[in-house]
2 protein chains.
Amino acid sequence: MELDRIDRKILSILQEDGRIANVELAERIGLSPTSIGERLKRLQREGFVEGYGARLNPHRLGLGLLVFVEVLLDKTTPDNFERFARAVKLAPEVLECHMVAGGFDYLVKARLADMTAYRRFLGETLLSMPGVRETRTYAVMEEIKRDAPLPVG
Amino acid sequence: MELDRIDRKILSILQEDGRIANVELAERIGLSPTSIGERLKRLQREGFVEGYGARLNPHRLGLGLLVFVEVLLDKTTPDNFERFARAVKLAPEVLECHMVAGGFDYLVKARLADMTAYRRFLGETLLSMPGVRETRTYAVMEEIKRDAPLPVG
DNA sequence: TAGTTTGCCTTATAAAATGAGGGCTAGAAG
DNA sequence: CTTCTAGCCCTCATTTTATAAGGCAAACTA
C-alpha cells in the first residue's frame with residue numbers, strides 16, 4: 001500500500017516515457033525485468049496507474065488556440081449543475097472542466113483551431129448549455145508550462 | 001503531411017491507450033502490424049506524437065487538492081515575466097502555467113496534498129516568485145472532466 | 001524454532017517488434 | 001501509350017520483449 005523508492009522511480013519514469021520497454025526500465029532501476037513487471041502490475045491493480053496515453057502536439061493538429069472560460073450558472077433551477085456537467089462531458093473541445101469555489105462556478109479549458117472556431121464554440125456549445133448565465137473568456141497567449149508530471153518523489 | 005482516416009484512428013486509439021500492442025492496434029484498424037508501425041514512426045517523426053506517458057491517479061498519490069491561481073505581475077520591471085516563467089518551471093507543484101490575455105497575467109494550475117500544503121505553497125513558492133503582485137485562488141471542489149483526449153477526428 | 005510470507009532471481013516459452021524484400025497502384029514523364 | 005517512380009501495403013525471418021513457473025533467501029509470526 002505504501003510506495004517505496006523503487007515504486008516511485010517506476011512511476012516517475014513511466015510518466016515521462018509510458019512506452020519504455022520493461023527491460024530498459026528494469027536496467028535503469030537496477031532490478032530484473034520480472035520484478036519490475038510484478039511491481040508495475042501491482043501499481044496498476046492498486047490504482048496508482050490509471051492508464052497510458054500518447055502525448056499529441058495540439059498545434060500540429062490544428063488546435064492553435066487554448067482558452068480558459070469561467071462559467072456562471074443560473075442557480076434558480078437545482079438540477080442545472082447536473083445537466084451542465086453532462087453537456088460538458090459530451091463536448092470534444094472541452095479538455096477539462098472543474099467546479100470551483102469562489103467568484104464563479106466552473107472553469108473550462110478548451111482547445112480550438114482559432115478565434116473563429118472559438119466564437120462558434122461559445123455560441124453554439126457553451127452558451128447553449130443548460131443554465132449558463134455568464135461566461136468570461138481568457139485566451140492563452142503563451143503556454144509557459146504544459147502538463148507537467150505529477151510529483152511522485 | 002496530411003493525416004488520413006487511418007492516421008487519425010491511430011492517434012485516437014493511442015491517446016486512450018498509449019501502451020497498446022502494435023499487433024492489436026493493427027487488427028483493430030484492419031492493417032498489418034508493419035504498416036501501422038511505419039505510420040506510427042512517421043507520426044512521431046513529423047511531430048504529431050510527442051511522447052507517451054502513464055496516467056497516474058493524483059488522489060492515490062496524496063495530491064487531493066487541485067487549485068487554479070490567477071496571478072498578476074508587477075509590470076514596472078520588464079524582465080519580471082521572464083523570471084516568473086523560469087521560477088514556475090522549477091516548481092513541481094505547478095502542473096500548468098499559461099500567460100493569458102484579460103484581467104490577469106498568468107493562470108497557474110497546481111496539485112497539492114491539502115489546504116495546509118497549499119498555504120505553504122502560496123507563501124513560500126508563489127508569492128516568493130519575482131514580481132508577483134497579487135493572486136486569486138480557486139480551489140476545485142469537483143473535477144467534472146479531466147484531461148480529455150484531443151479531438152483528432 | 002519452524003512455518004510463512006515477501007521480494008527477488010533465473011530459466012523457458014510465448015508474443016511482439018523490427019528489418020528485408022517484394023508486389024500493386026497511381027501519377028508523372030518520356 | 002508506355003515506362004518509371006514513389007507510396008503504401010504485404011509476408012516472412014530474426015531479434016527483442018513479455019510472461020509464467022519455480023526456487024532461494026531474508027524477514028516476520030506463531
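The values are calculated or read from the model by the stated rules, or taken from the named source; none is laboratory data. Note that the structure is a prediction, hence the values are computed from the model and not measured. All Cβ positions, even for glycine, are placed from backbone atoms using ideal geometry, and neighbour counts span all protein chains on display. To get the accessible areas, we keep the full protein, side chains included, count just its heavy atoms, and leave off ligands, DNA and RNA. Shrake-Rupley method; radii C 1.70, N 1.55, O 1.52, S 1.80 Å.
With the requirement that a residue be part of a loop (DSSP other than H, G, I, E, B), surrounded by fewer than 14 Cβ atoms within 10 Å (Cβ to Cβ) and either of a type in the set (Ser, Thr, Tyr) or over 21 Å from the mean Cα position of the chain (by Cα) (or both), what does region B:128-152 give you?
Within region B:128-152, B:SER128 is the sole residue that qualifies.
Is there a residue being more than 11 Å from DNA strand D (Cβ to nearest atom) and either under 25 Å from the mean Cα position of the chain (by Cα) or outside the structural domain of A:LYS109 (by TED's automatic domain parsing) (or both) anywhere in region A:21-28? So that I can check it myself, show each step before the final result.
Of all residues in region A:21-28, those more than 11 Å from DNA strand D (Cβ to nearest atom) come to A:28.
Filter once more, so that each one left must be either under 25 Å from the mean Cα position of the chain (by Cα) or outside the structural domain of A:LYS109 (by TED's automatic domain parsing) (or both): A:28.
Yes, some residue in region A:21-28 is more than 11 Å from DNA strand D (Cβ to nearest atom) and either under 25 Å from the mean Cα position of the chain (by Cα) or outside the structural domain of A:LYS109 (by TED's automatic domain parsing) (or both).
What pairs come up if the first residue lies in region A:18-36 and is within 14 Å of chain B (Cβ to nearest Cβ), the second is open to solvent by less than 40 Å² (accessible area, probe 1.4 Å) and within 7 Å of DNA strand D (Cβ to nearest atom), and their beta carbons are under 7 Å apart, counting only those six or more places apart or on different chains?
A:ASN22/A:GLY37
Return the residue satisfying two criteria in turn: it lies in region B:106-127 and is among the β-branched types (Val, Ile, Thr) and without any contact (Cβ under 8 Å) to a residue 40 or more places away in the chain, and of such residues it is most open to solvent (accessible area, probe 1.4 Å).
B:THR116
Any residue in region B:47-66 that is within 16 Å of DNA strand C (Cβ to nearest atom), outside the structural domain of B:ALA113 (by TED's automatic domain parsing) and open to solvent by 80 Å² or more (accessible area, probe 1.4 Å)?
No, that holds for no residue.
Among the listed residues B:THR125, B:THR34, which satisfies the condition of being in a helix (DSSP H, G or I) and outside the structural domain of B:ARG19 (by TED's automatic domain parsing)? Reasoning before the result, please.
Details: B:THR34 fails: outside the structural domain of B:ARG19 (by TED's automatic domain parsing).
Within the list B:THR125, B:THR34, the selection yields B:THR125.
What number of residues in region A:1-22 are assigned to a helix (DSSP H, G or I) and not charged (D, E, K, R)? If you could, list the steps in order and put the result at the bottom.
Filtering region A:1-22 for residues assigned to a helix (DSSP H, G or I) gives A:5-16, A:22.
Still in the running and not charged (D, E, K, R): A:6, A:10-15, A:22.
Of the residues in region A:1-22, 8 are assigned to a helix (DSSP H, G or I) and not charged (D, E, K, R).
Mind checking which residues of region A:1-48 are of a type in the set (Lys, Arg) and out of contact with any Phe, Trp or Tyr (no Cβ under 9 Å at 6 or more places or on another chain)?
Taking region A:1-48 and keeping what is of a type in the set (Lys, Arg), we get A:5, A:8-9, A:19, A:28, A:39, A:41-42, A:45.
Within region A:1-48, A:ARG5, A:ARG8, A:LYS9, A:ARG28, A:ARG39, A:LYS41, A:ARG45 qualify.
So the check is Cβ under 8 Å with 6+ separation or different chains; which pairs have a first residue in region A:55-77 that's more than 21 Å from A:LEU122 (Cα to Cα) and modelled with pLDDT under 95 and a second one that's crowded, with 19+ Cβ neighbours inside 10 Å and of a type outside the set (D, E, K, R)?
Qualifying pairs under 8 Å: A:THR77/A:GLY131.
Within region A:4-33, track down each residue that is open to solvent by less than 60 Å² (accessible area, probe 1.4 Å), more than 10 Å from DNA strand C (Cβ to nearest atom) and hydrophobic (A, V, I, L, M, F, W, C).
Listed by number, the residues that qualify are A:ILE10, A:LEU11, A:ILE13, A:LEU14, A:ILE20, A:LEU25.
Taking the condition in contact with a Phe, Trp or Tyr (Cβ under 6 Å, 6 or more places away or on another chain), farther than 19 Å from B:PRO149 by Cα and more than 11 Å from chain A (Cβ to nearest Cβ), does B:LEU72 pass?
yes
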